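A short worksheet on the structure shown next.
The values are calculated or read from the model by the stated rules, or taken from the named source; none is laboratory data. Since we're looking at a predicted model, the values are computed, not measured. Here the Cβ positions follow ideal geometry from the backbone for every residue, glycine too, while neighbour counts run over all protein chains shown. Surface areas here come from the heavy atoms of the whole protein model, side chains and all, with no ligands, DNA or RNA. Shrake-Rupley method; radii C 1.70, N 1.55, O 1.52, S 1.80 Å.
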Amino acid sequence: MIRINCPYCGERDHSEFSYGGDATINYPSLDASEKDWTEAIFFRKNIKGFQFETWHHSNGCRMWLVVERSTVTHEIKSVKPCHPDLQKVVENNK
Amino acid sequence: MTKFNAWNVIKNGLNGQSYWTRQWRDPEPKSSYDVVIIGGGLHGLATAYYLAKNHNIKNVAVLEKGWIGGGNAGRNTTIVRSNYMMPGNHEFYEHSLKLWENLSHELNYNVMFSQRAHVSLFHSPGAKDSVSRIYNIMRLHGTDAELWDLKTLKKKIPHLNYHNSRFPILGAAVQKRAGNARHDAVAWGYARAADTLGVDILQNCEVTGFTRKNGNIESIQTSRGIIKGKKIGFAVAGNTSVLWQMAELGNLPIESHKLQAFVSEAVKPLLDQVVVYGVGGAHFYISQSDKGSMVFGGDLDWYKSYAQRGNLPMVQDVAEAAMAIFPSLGRIRLLRHWAGVMDMTMDGSFFICKTPISNLYLNAGWNYGGFKASPASGWYFADLIANESPHNYVQNHNLERFEKGINIDERGAGPDPKLHG
């Protein structure tokens, strides 16, 4: 079991969360080329090691999180709210 | 290599089994080969065999970082079927099933292929319509497919839970020619047959880098020295992205996810078919091995991972599905469970294609379905490497299909790899 330290709720089992995917995708502008959109939607780095990924606390606070986790050992380095403004709020309330 | 036949069995029986030779050689790597296949799983070994057998290309090496059959070849639930509906897929998997039907004779090795029927239960009128459509498409293409009503199903498999009120069993979609096989025997059979034709199988030979020259890959750095290959094929599903980036080729429409499988203690004959609790219900599949163990599995672990070990919530999930459909398993003990790393692709279909490097060929993206596909995968990958152009069946199984908008998405689940189970 992976334990994810939700910044809103505290540390919980990963079974409370839903895995999203790669958190580093930058979607291109609406008028970008088909090639750029294909790359953003379909192609992935598929990192073996630490990666930033999104998780949804679907059976908890229902907030989206960015988790830095190893895809080999499942060790977690950091958990932050997805939205940068919420990251600031969490930081200020510490 | 001593052939397996009645005469040799009798002769060795009378001579203390002393005349058998080893199944395949353990050669030192040569400095160069016509074709180097990276990955000594079922797909790599089958490719080497068909290169030698169908295309007379015998100066071939198969590089395996561990031992053959030690990756996903030994981490599956051994189910063989061809119930696919998308153009390209149904022809491909049907050809694979036909190869399975003659595989033991072809390889002179008993792969214990057992056509015991693949029974997909359905649990709602919508699920029945959906699966009927798929099985009708199969029939139109000459693949065997039938629907069993509840009366037939109860007669064939009386001990399913027919009183499940959440997912009532309404019947089943059945492919009678489908079944299962012994996975180790398939790896060993292909290795032995390929070796007999002159293929070098190089175990404990891990690829660590590539040397490029004029845009091509000139040589491969391995833990057993530098090996040159005129043509190079990747068949390393699970770790495709790692090798792809080692060749500096960027991103792929693949994520690596792990899938667990489970084996129980051996019991007396309990189940004659492969049963799937999957259409409009949960996701669970089960069969009984010849040894008597119940072999079963369920969904992916739901998060990206290269770890070959499973998580416990999924063990519970699979056990719950087992109890929902097969309550008589309640007292049975789990012996082992393990996880394999899958190439989950953006549309759930595989790749047998050329790559941006002109002497590099890709075989990848087998999702849940690598085991049953292995004979045809080897067949068409060898064909691509030998003839430089893809066969009609796999002409769209390439990396360009996403940009062209011709995704081969059996489930219609969209570009989220974990949903294509």
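Data overview
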{"item": "Size-normalised alpha-carbon gyration radius of the stretch B:123-254, reference 2.2 N^0.38 Å", "result": "1.71"}
{"item": "Shape metrics for the stretch B:349-421, restricted to C-alpha atoms - Rg then Dmax, Å", "result": "12.4, 34"}
{"item": "Cross-link pairs B:Lys154/B:Lys268; B:Lys58/B:Lys213; B:Lys128/B:Lys155; A:Lys48/B:Lys372; B:Lys291/B:Lys372; B:Lys98/B:Lys128 - those with Cα-Cα distance over 22 Å", "result": "B:Lys58/B:Lys213; A:Lys48/B:Lys372; B:Lys98/B:Lys128"}
{"item": "With eigenvalues of the C-alpha gyration tensor scaled by 5 and rooted, the stretch A:3-92, Å", "result": "25, 17, 11"}
{"item": "Free-standing Cys, the protein assembly as shown [no other Cys Cβ under 4.7 Å]", "result": "A:Cys61, A:Cys82, B:Cys205, B:Cys353"}
{"item": "Compactness of chain B, expressed as Rg and Dmax over alpha-carbon positions, Å", "result": "21.6, 66"}
{"item": "Protein-protein interface of the stretch B:237-272, residues with accessible area decrease of at least 10 Å², isolated chain reference, 1.4 Å probe", "result": "B:Asn239, B:Ser241, B:Val242, B:Gln245, B:Asn251, B:Leu252, B:Pro253, B:Ile254, B:Glu255"}
{"item": "Electrostatic dipole magnitude of the stretch A:3-92 [Cβ: Lys, Arg +1; Asp, Glu -1; Cα centre; debye, to 20]", "result": "260"}
{"item": "Other-chain or far-sequence residues with amide H under 5 Å of A:Gly21's (modelled H)", "result": "A:Thr54"}
{"item": "Angstrom value of the Kirkwood radius, inverse mean 1/r, which spans all Cα pairs in the stretch B:71-117", "result": "12.0"}
{"item": "Residues losing 30 Å² or more accessible surface upon assembly, the stretch B:398-420, compared with the chain by itself, 1.4 Å", "result": "B:Phe402, B:Glu403, B:Pro415, B:Lys418"}
{"item": "Set of lysines near A:Lys94 by C-alpha distance (under 30 Å), chain-local residues within fewer than 8 positions excluded", "result": "A:Lys77, A:Lys80"}
{"item": "About the Cα centre, charge dipole magnitude for chain B (Lys/Arg +1, Asp/Glu -1 at Cβ), debye", "result": "960"}
{"item": "Protein accessible area in the protein assembly as shown, 1.4 Å probe - carbon and sulfur %", "result": "51"}
{"item": "Electrostatic dipole magnitude of the protein assembly as shown [Cβ: Lys, Arg +1; Asp, Glu -1; Cα centre; debye, to 20]", "result": "1380"}
{"item": "Hz values of 3J(HN,Hα) by residue in the stretch A:35-46 - Karplus curve (6.51, -1.76, 1.60), Gly and Pro given as x", "result": "5, 5, 5, 4, 4, 5, 7, 10, 9, 10, 6, 6"}
{"item": "Accessible area of the stretch A:3-92 divided out per residue, in Å², using a probe of 1.4 angstrom", "result": "56"}
{"item": "Whole-Hz ³J(HN,Hα) from phi, Karplus 6.51 cos²θ - 1.76 cosθ + 1.60, for the stretch B:286-299, glycine and proline x", "result": "8, 8, 10, 6, 5, 6, x, 6, 8, 10, 8, x, x, 7"}
{"item": "For the stretch A:47-59, Karplus couplings with θ = phi - 60° (6.51, -1.76, 1.60), whole Hz, Gly/Pro x", "result": "5, 9, x, 6, 9, 8, 9, 9, 10, 10, 7, 5, 9"}
{"item": "Semi-axis lengths, Å, the stretch B:212-332, gyration tensor of Cα atoms, sqrt of 5 times eigenvalues", "result": "41, 17, 12"}
{"item": "Proximal lysines relative to B:Lys11, as straight alpha-carbon distance under 24 Å, when same-chain residues fewer than 8 apart are discounted", "result": "B:Lys3"}
{"item": "Computed E for A:Lys94/A:Thr24 - FRET, C-beta separation, R0 35 angstrom, nearest 0.05", "result": "0.90"}
{"item": "Of A:Ser33, B:Pro168, B:Ser104, farthest towards positive along the dipole that unit charges on Lys, Arg, Asp, Glu beta carbons give the protein assembly as shown", "result": "B:Ser104"}
{"item": "Protein accessible surface hidden between B and A, which excludes ligands and nucleic acids, total in Å², probe 1.4 Å", "result": "2300"}
{"item": "Expected-Rg normalisation [2.2 N^0.38 Å, Cα atoms] applied to the protein assembly as shown", "result": "1.01"}
